[in-house]
Amino acid sequence: MSTALITGASAGIGASYARRLAARGYDLVLVARSTDKLETLAGDLRSSFSVEVEVLTADLTDPAQLGAVADRLRSGAAIDLLINNAGDSLPGTFATAKPDGLQWLIQLNVTAPTLLASAAVAGMIERGNGGIVNIGSVVGLVPEYFNGIYSATKSYILTFSQGLAAEVGPKGIYVQAVLPAATRTAIWDRSGVDVATLQNVMEVDDLVDAALVGFDRREGVTIPPLADAALWNAFEAARHALPASFANAVPAERYRINV
Ligand SMILES: NC(=O)c1ccc[n+]([C@@H]2O[C@H](COP(=O)([O-])OP(=O)(O)OC[C@H]3O[C@@H](n4cnc5c(N)ncnc54)[C@H](OP(=O)(O)O)[C@@H]3O)[C@@H](O)[C@H]2O)c1
């Protein structure tokens, strides 16, 4: 038996992961702020799939409550799979954002998944296996398409996942970054963007089913809406070609000052 801890499991993508993983026989630890929604989902999953489901209410922007989730990852029944899914965006632009709002978003989208992965990884290394799935976004690749720092937090999720995979992959731990594009969830109600004005919005179960296909194939990065995989492969090939050119003790010719 395997146990998965899912953050942001009360709604949207996280709730869909909970249903799909329960159907695969995973026991679950469901984390979010809305206890009622988590309890209702837990009851449904227990009766439909005969799995064990714990509910852990936590506001991941509160350091003490985040610490309690990290403690659960370190102790109790071993967690084999961490789904770092909870996240949000801020309405408005960077220029109009308040410092408290920026700090809140970084805490939720960056600090929380980082510290939860940190709490999970030690036990996984000891056991020689485990998985960490981090939910990023395609706007992490194209930050010009979304206002404010949301895209930057999602770029972090991508590079964090890639760096972590390089470090812990050889120790038997699988790390996947999932990059959704627009997906029909309540996040849009809070973002200031009317989802009805968007085209090509993916349904949440389709997104999660596709992400799980990438999971089963052990992809490092899964971009469910990307039809032409060659585009991503070319992007990665270009990125991997860069380091050879970074090995230079002197500035590149174009940066030399002519005296
Ligand atoms: N939907 C999209 O178009 C889209 C596209 C790209 C990436 N994503 C990413 O997908 C992930 C899931 O979002 P979603 O679209 O499924 O949105 P959603 O339906 O609004 O769900 C967000 C989940 O995160 C939880 N959450 C929010 N703030 C929290 C906090 N402070 N502490 C603990 N849990 C918190 C919410 O639960 P409570 O309110 O109960 O706490 C909820 O379960 C996010 O990381 C988002 O950035 C979404």
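Of note:
- Pairs meeting the criteria (first residue in region 190-201 and modelled with pLDDT of 90 or more, second residue among the charged types (D, E, K, R), beta carbons under 9 Å, at least 6 apart or on different chains) are V195/R184; V195/D189; V201/R184.
- Selected residue (criterion: nearest to V142 (Cα to Cα)) from residues of region 198-224 that are away from the ligand (no atom under 13 Å from the Cβ) and of a type in the set (V, I, T): V221
- Qualifying position, being in contact with a helix residue (DSSP H, G or I) (Cβ under 8 Å, 6 or more places away or on another chain), among the β-branched types (V, I, T) and more than 14 Å from I132 (Cα to Cα), among V175, V195: V195
- Condition met for A181 (part of a loop (DSSP other than H, G, I, E, B) and either surrounded by fewer than 18 Cβ atoms within 10 Å (Cβ to Cβ) or within 8 Å of the ligand (Cβ to nearest atom) (or both)): yes
- Any hit, region 46-57, residues being within 17 Å of the chain's Cα centre (by Cα) and touching a residue at least 12 places away in the same chain (Cβ under 8 Å): no
- For G67: the one exception among (1) among the small types (G, A, S); (2) surrounded by 17 or more Cβ atoms within 10 Å (Cβ to Cβ); (3) over 12 Å from L5 (Cβ atoms): (2)
- Note on region 189-234: residues that are in a loop (DSSP other than H, G, I, E, B), out of contact with any strand residue (DSSP E or B) (no Cβ under 8 Å at 6 or more places or on another chain) and not aliphatic (A, V, I, L, M) total 6.
- The test for being crowded, with 21+ Cβ neighbours inside 10 Å and of a type in the set (S, T, N, Q) holds for N109.
- Scope region 160-196; condition among the small types (G, A, S) and on the phi < 0 side of the Ramachandran plot; matching residues: S161, G163, A165, A166, G169, A177, A181, A182, A186, S191, A196
- Selection count where residues are within 8 Å of the ligand (Cβ to nearest atom) and either of a type in the set (V, I, T) or within 17 Å of F215 (Cα to Cα) (or both), scope region 17-34: 1
- Remark: pairs (first residue in region 86-100, touching a residue at least 40 places away in the same chain (Cβ under 8 Å) and closer than 22 Å to A15 by Cα; second residue in a loop (DSSP other than H, G, I, E, B) and more than 14 Å from the ligand (Cβ to nearest atom); Cβ separation under 6 Å; 6+ apart in sequence or on different chains) = L90/A97.
The values are calculated or read from the model by the stated rules, or taken from the named source; none is laboratory data. This one's a predicted model, so the numbers in the text were calculated from it and none came from an experiment. Here Cβ is always computed from backbone atoms with ideal geometry, including for glycine, and neighbour counts include all displayed protein chains.
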